[in-house]
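Student: Once you've had a glance at the structure underneath, I'll fire off some questions.
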Amino acid sequence: MNWRFLALAAALHPSFALGQDISPLQGDLSALCGAKAVVSGEGATRSAYVECRSRMQGVHVIGPGAEPVAVEATVDLRPKNTGDSHVFMVKVMRNLLDDKDWPEGQCFIESCLKKLYVPEAKERRFGAYSMRLERTSDVMMTMIIAKGAKAYHPALDPWK
């Protein structure tokens with residue numbers, strides 16, 4: 001379902017908005033791959049996990065729906081899923097980076113998909129955000145995009 005439709009429906013009928021916290025990213029991923037989300041908290045403490053119906057791609061979103069402070073996307077890189085995973089990562093990236101940073105961000109994703117080996121990682125800064133791509137296994141890759149000089153957020157740290 002399109003997030004713009006949900007926003008319009010909520011504006012026209014406030015009871016529709018109760019319990020709904022649909023971000024533009026969730027709306028885009030829902031349209032792309034039938035993604036379903038589990039949302040907890042509100043505002044700065046908001047956390048959402050969005051998973052595609054195929055379960056080959058998922059993203060953890062930290063912060064307000066309209067302006068996340070960090071995301072961690074995990075994708076499956078088996079040959080049959082590489083194309084879908086590439087599109088998924090670009091869609092996530094485009095929801096965070098400024099328009100002027102999209103081409104460089106997309107080139108960075110494409111070069112990392114071709115050149116990263118286990119357990120390599122590369123990090124790059126794009127305006128207010130930093131992006132880190134890490135090959136976690138032969139078939140999995142993680143992409144973290146966060147505001148600041150490093151692609152890191154305490155809520156994404158499994159050891160905290």
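Student: If the Cβ limit is 8 Å and pairs must be 6+ apart or interchain, which residue in segment 71-98 that is closer than 12 Å to residue 143 by Cβ pairs with which residue that is acidic (Asp, Glu) and buried (at least 16 other Cβ atoms within 10 Å of the Cβ)?
Tutor: Within 8 Å, the pairs are 85/76; 91/28.
Student: Tally the residues that are of a type in the set (S, T, N, Q), without any contact (Cβ under 8 Å) to a residue 40 or more places away in the chain and surrounded by fewer than 20 Cβ atoms within 10 Å (Cβ to Cβ), restricting the search to segment 27-70. Break it down stepwise before answering.
Tutor: Of all residues in segment 27-70, those of a type in the set (S, T, N, Q) come to 30, 40, 45, 47, 54, 57.
Still in the list and also without any contact (Cβ under 8 Å) to a residue 40 or more places away in the chain: 30, 40, 45, 54, 57.
From the residues that got through so far, the ones that are surrounded by fewer than 20 Cβ atoms within 10 Å (Cβ to Cβ) too are 40, 45, 54.
The qualifying residues number 3.
Student: For residue 75, which of the numbered conditions (1) farther than 23 Å from residue 157 by Cα; (2) part of a strand (DSSP E or B) fails to hold?
Tutor: The single condition residue 75 does not satisfy is (1).
Student: Taking interchain pairs and intrachain pairs at least six residues apart, which have beta carbon atoms under 7 angstrom, with the first residue in segment 114-132 and within 20 Å of residue 101 (Cβ to Cβ) and the second surrounded by 15 or more Cβ atoms within 10 Å (Cβ to Cβ) and β-branched (Val, Ile, Thr)?
Tutor: Going by the 7 Å Cβ cut-off, the qualifying pairs are 129/145; 131/145; 132/144.
Read-outs throughout are calculated quantities, based only on the coordinates presented, and are distinct from any laboratory measurement. On a predicted model such as this, the values are computed, not experimentally measured, just so you know. When we count neighbours, we look across all protein chains shown, and the Cβ atoms used for this are built from the backbone with ideal geometry, even at glycine.
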